[in-house]
Amino acid sequence: MRALWSGLSIQRKNSVLIGGLVLVVAATYSSAAYDGMRRTMLATAGERLRSVTDQLAGLLQNSSKQLITLTRTTAADTGVRAFLRSPGTRTRERATAALRRIADQTKQVAEVRLWDAHRRRVFNVVLNGPGAGELADTTVLLGASGPDSGAIGRFRAVGDSVLFPVAVLVVDRGGGRLLGYMTEWRRVNSTPRARDQTNRLIGSKSTLYMGNLAGDVWTDLTRAVPRPPVDVQEAHTLQRYERAGVGTMLVAASPVAGTPWAVVVEFPRSEVLAPARTFLRRLALIAPGLLLVGLFGAWLLSRGITAPLSRLTGAAEAIAAGDYSRRIELDRRDELGRLEQAFTTMAANVREAQRKLEDKVRERTVELEDRNEELEAFGYTISHDLRAPLRAMFGFSQALLEDYGDRLDDKGREYAQRVVTGAQSMDLLIRDLLAYSRVSRAELKLGRVDLSRVLREATTQLQVEVRSRGARVRVEEPLPAVLGHEATLGQVVANLLSNGIKFVPPDRTPELRIRAELREGKAGGGDAGGGTDGGWHLRLWVEDNGIGIATEHHERIFRVFERLHSTEAYPGTGIGLAIVRKGMERMGGRAGVESRPGEGSRFWIELPAAEQTHDQERQYDSAG
Amino acid sequence: MIRNGSTILLVEDSPDDVLLVRRAFQKAGIENPIVAVENGDEALAYLNGTGLYADRQKYPLPTLTLLDLKLPRRSGLEVLAWVRQHSGIKRMPIIVLTSSRDEDDINRAYDLGANSYLVKPVAFDDLLRLVRSLEGYWLSLNVRPDVSAA
């Protein structure tokens, strides 16, 4: 995960971060807003519910008073009074007619009952629809005990209908004499349309219920319904219950003063929260938009940062690759602008440093070349100036021996002879030193070299030595071509052959065997250009039957002026093998020896085998 | 009396070498007279027949010149260049005899028209062999061109 993250580009990271941030912010804000809105709406709704319920209760209280007043007006009818004063067939008819008049006015009155002063029922008339039937009025009669008062009784269910009694006193006109009682059974029978209008007035898909505080009979104003499952006596508290098929309902109840009733208003909680839900939905719709805007912003921002950064990176890579000409123009004054300036300054400094370094190197090279030339001039002077006196020593001591030898005694002749020998070895020494320095310094251009020809020329060069020792030189043809420098290789081979002939006991005939061996692998690390790895290499063996070399000397003998024997026994300058080693190194090859005292030596040199393609490259350096 | 047309001019600054060359000629039994001059200016004076060498009877044009390169005043290469630019004597055989094996010297000498380039051997026997070869080739076999005084 961590690796995945660190592998992302800054541009992607920024987008992911800012996108995530936008989402988190949007989600937090939405949830907080929704939550706050929900709470507010619930609180408001509760408040409204309670106030509506209270107002309804107040309204009902008023209308119950009006009902009592209305009923009392009816009770004051002369026909009714007359009947109660003197019940009889005639008065009954008058009373019935009067009551029917009322019934025509108010369809809600289902039945009217009249009672005598002893609360004995003396009359009843069913006016609209089914009457109260066997329902008792006793309790409500007790309630209507004062001359100005009346009472409203509990709801009763009769079939689908809900009835309630209104009881008043019937008193004599003018006097206060109690004639009896009258109860009007009124029907709660709003049409569904009227009920819905009432509900709409309250709003929020509310439903209004009325019923007895005792809880037995409840109505939705059109018919009897089950009591809402809440505590209807608990006024002013917001209650809730689950209604099947609708969900949570918010309920408020309020008792109606002066009646045994309570009024209940409920509405679905979902209805209350509907605006909050809509709000949330809208927020949810807005969030992707915000996310898109955020991502676009992040992309712009990242591009503003990463585009100059990638240009800087490109320039840095170019400089790393050695191209100092790359310029970046950002034209910004922010952190990136400063970075660009610092970068430009750094690039300029690096370039300057590089230029200075190159100048210095060039200077040094020129110096070195001068030194080298001086050195070569010095070598030339040595060869020229040292040889002149040497020639004089050599020539005149020889002249002395030839022209005046007969006038010298043996000792005199020996001295002169020693001058000759000394001059000779000094000549050899100078020659070898010059050869060694030439091999060390000369510029070698490598090319395809025919080993057979090199061997032939070296043998020819050594024919005096070969002949004087009667040496047998056996070259096992064919010898393949190698990649090297012909003149240097000739010098190397000549030195090896010369050594092979020289380091043989005087009583033994030198026998040399030269053979080639193709090997796979590394040819060694010379300082000339040819040090190639792998591929085929050619090893040239020069095997002799000489005195051999102890293992501990195998490396030493390749160093300059290293000798294992006196010049008396085996003359030489001690430079030959150093020329061999140096020459091979310069050609990118190696040289070595396998030998044990008394068993002859097997010297070898190794070079990359030449391929046919090297034919065209055959260029020979003029040195040597 | 010096035989006209057989004189050898040896331009050599080292008296030792002059002596050794003379001895080698003598040992080889070559009788050509050898005139040695020790610097480039003198060589020019001789070939030009001026100053000390105005007498052509006494100092005739050489049949062969052995020229050292490293000379005081005027170098051997300058002498060579000078000779090759003078119509009368420009065909004159000139052999460089020097101790330098320097590649530049060798190439420039041939470029300027040296007829041969020889390196002085250290051993006297070698010098003797060289002188005998010279006589056998340049003084006997070689057909000489027409050379007249300027």
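The values are calculated or read from the model by the stated rules, or taken from the named source; none is laboratory data. The model shown is predicted, which means the values in this text are computed figures rather than measured ones. Note that we place each Cβ from the backbone using ideal geometry, even for glycine, and neighbour counts take in every protein chain shown.
For A:E317, are the conditions met, namely being of a type outside the set (V, I, T), within 30 Å of A:L8 (Cβ to Cβ), assigned to a helix (DSSP H, G or I) and without any contact (Cβ under 8 Å) to a residue 24 or more places away in the chain? Explain how you work it out, then say what you get.
Details: of a type outside the set (V, I, T): yes; within 30 Å of A:L8 (Cβ to Cβ): yes; assigned to a helix (DSSP H, G or I): yes; without any contact (Cβ under 8 Å) to a residue 24 or more places away in the chain: yes.
So A:E317 passes the test.
Residues to consider are A:R453, A:R438, A:R413, A:R418; find the one that is within 14 Å of chain B (Cβ to nearest Cβ), outside any loop (DSSP other than H, G, I, E, B) and not hydrophobic (A, V, I, L, M, F, W, C).
A:R438 is the lone residue from the list that is within 14 Å of chain B (Cβ to nearest Cβ), outside any loop (DSSP other than H, G, I, E, B) and not hydrophobic (A, V, I, L, M, F, W, C).
Let's see how each residue does on (1) in contact with a helix residue (DSSP H, G or I) (Cβ under 9 Å, 6 or more places away or on another chain); (2) outside any helix (DSSP H, G or I):
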position: A:R303; (1), (2): yes, no
position: A:R327; (1), (2): yes, yes
position: A:Q341; (1), (2): no, no
position: A:K356; (1), (2): no, no
position: A:R362; (1), (2): no, no
position: A:E374; (1), (2): no, no
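Kindly provide the set of residues from segment A:533-566 that are surrounded by 13 or more Cβ atoms within 10 Å (Cβ to Cβ), of a type in the set (V, I, T) and farther than 19 Å from A:L429 by Cα, ordered by number.
A:V542, A:I547, A:I549
Does any residue in segment A:388-406 that is closer than 13 Å to B:A24 by Cβ come within less than 6 Å, Cβ to Cβ, of a residue that is assigned to a helix (DSSP H, G or I) and among the hydrophobic types (A, V, I, L, M, F, W, C) six or more places away or on a different chain, and which pairs are these?
Between residues of segment A:388-406 that are closer than 13 Å to B:A24 by Cβ and residues that are assigned to a helix (DSSP H, G or I) and among the hydrophobic types (A, V, I, L, M, F, W, C), the close pairs are A:F394/A:A423; A:G395/B:L20; A:G395/B:F124; A:Q398/A:V420; A:Q398/B:F124.
Which condition breaks for A:L444 when tested against (1) in a helix (DSSP H, G or I); (2) modelled with pLDDT under 85; (3) away from chain B (no Cβ under 14 Å)?
(1)
For segment A:226-274, which residues satisfy the criterion of being part of a strand (DSSP E or B), surrounded by fewer than 17 Cβ atoms within 10 Å (Cβ to Cβ) and in contact with a Phe, Trp or Tyr (Cβ under 8 Å, 6 or more places away or on another chain)?
Across segment A:226-274, the qualifying residue is only A:T248.
Tell me, please, whether a residue that is touching a Lys or Arg at 6+ places or on another chain (Cβ under 8 Å) and aromatic (F, W, Y) can be found in segment A:337-358.
Step one: of segment A:337-358, the residues touching a Lys or Arg at 6+ places or on another chain (Cβ under 8 Å) are A:340, A:344, A:347.
Right, trim to aromatic (F, W, Y) and you get none.
No - not one qualifying residue is present in segment A:337-358.
Anything in segment B:3-29 that is surrounded by fewer than 18 Cβ atoms within 10 Å (Cβ to Cβ) and more than 14 Å from chain A (Cβ to nearest Cβ)? List them, or say none.
The answer is B:R3, B:N4, B:G5, B:S6, B:G29.
Scan segment B:39-52 and report the pairs whose first residue is surrounded by fewer than 21 Cβ atoms within 10 Å (Cβ to Cβ) and of a type outside the set (S, T, N, Q) and whose second residue is at pLDDT below 90 and part of a loop (DSSP other than H, G, I, E, B), with Cβ atoms within less than 7 Å and a gap of 6+ or a chain change.
Taking only residues 6 or more apart or on different chains, the pairs are B:D41/B:R73; B:D41/B:R74; B:G49/B:R56; B:G49/B:A149.
Looking only at segment A:456-477, which residues are in contact with a helix residue (DSSP H, G or I) (Cβ under 7 Å, 6 or more places away or on another chain) and in a loop (DSSP other than H, G, I, E, B)?
Within segment A:456-477, A:L462, A:A471, A:E477 meet the criteria.
Could you please find all residues in segment A:377-409 being at the interface with chain B (Cβ under 9 Å from one of its Cβ atoms) and either assigned to a loop (DSSP other than H, G, I, E, B) or within 13 Å of B:K120 (Cβ to Cβ) (or both)?
Within segment A:377-409, A:S383, A:H384, A:D385, A:R387, A:A388, A:P389, A:L390, A:R391, A:A392, A:F394, A:G395 qualify.
Residues of segment A:179-215 being of a type in the set (D, E) and without any contact (Cβ under 8 Å) to a residue 12 or more places away in the chain, which ones? Don't jump to the end; show me each part of the working.
Our first condition is that a residue be of a type in the set (D, E); within segment A:179-215, this holds for A:184, A:196.
Residue satisfying the conditions is A:D196 alone.
Do we find that B:A36 is small (G, A, S), away from chain A (no Cβ under 14 Å) and surrounded by fewer than 17 Cβ atoms within 10 Å (Cβ to Cβ) in this structure? Break it down into steps so the answer makes sense when it comes.
Working: small (G, A, S): yes; away from chain A (no Cβ under 14 Å): yes; surrounded by fewer than 17 Cβ atoms within 10 Å (Cβ to Cβ): no.
No.
Please identify the pairs in which a residue from segment A:216-241 that is over 11 Å from A:E266 (Cβ atoms) has its Cβ atom under 6 Å from the Cβ atom of a residue that is in a loop (DSSP other than H, G, I, E, B) and of a type in the set (D, E), counting only partners at least 6 apart or on another chain.
A:R223/A:D160
Within segment A:162-176, does at least one residue satisfy the condition of being on the phi < 0 side of the Ramachandran plot, touching a residue at least 24 places away in the same chain (Cβ under 8 Å) and among the charged types (D, E, K, R)?
Narrowing segment A:162-176 to residues on the phi < 0 side of the Ramachandran plot: A:162-173, A:175-176.
Among the residues that remain, those that are also touching a residue at least 24 places away in the same chain (Cβ under 8 Å) are: A:162-173, A:176.
Of the ones still in play, those that are also among the charged types (D, E, K, R) are A:172-173.
Yes, there is a match, as at least one residue in segment A:162-176 is on the phi < 0 side of the Ramachandran plot, touching a residue at least 24 places away in the same chain (Cβ under 8 Å) and among the charged types (D, E, K, R).
Tell me, which strands (runs of 3 or more DSSP E) wholly within segment B:42-150 include 2 or more residues that are within 14 Å of another protein chain (Cβ to nearest Cβ) and within 12 Å of the chain's Cα centre (by Cα)? Even if it seems obvious, please write down each step before you answer.
Numbers: elements: B:64-67, B:94-98, B:116-119.
So the answer is B:94-98.
Residue-by-condition table, conditions (1) among the aliphatic types (A, V, I, L, M); (2) under 21 Å from B:S100 (Cα atoms); (3) in contact with a Cys (Cβ under 6 Å, 6 or more places away or on another chain):
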| position | (1), (2), (3) |
| --- | --- |
| A:R355 | no, no, no |
| A:V366 | yes, no, no |
| A:E373 | no, yes, no |
| A:F378 | no, yes, no |
| A:L386 | yes, yes, no |
| A:L390 | yes, yes, no |
| A:E402 | no, no, no |
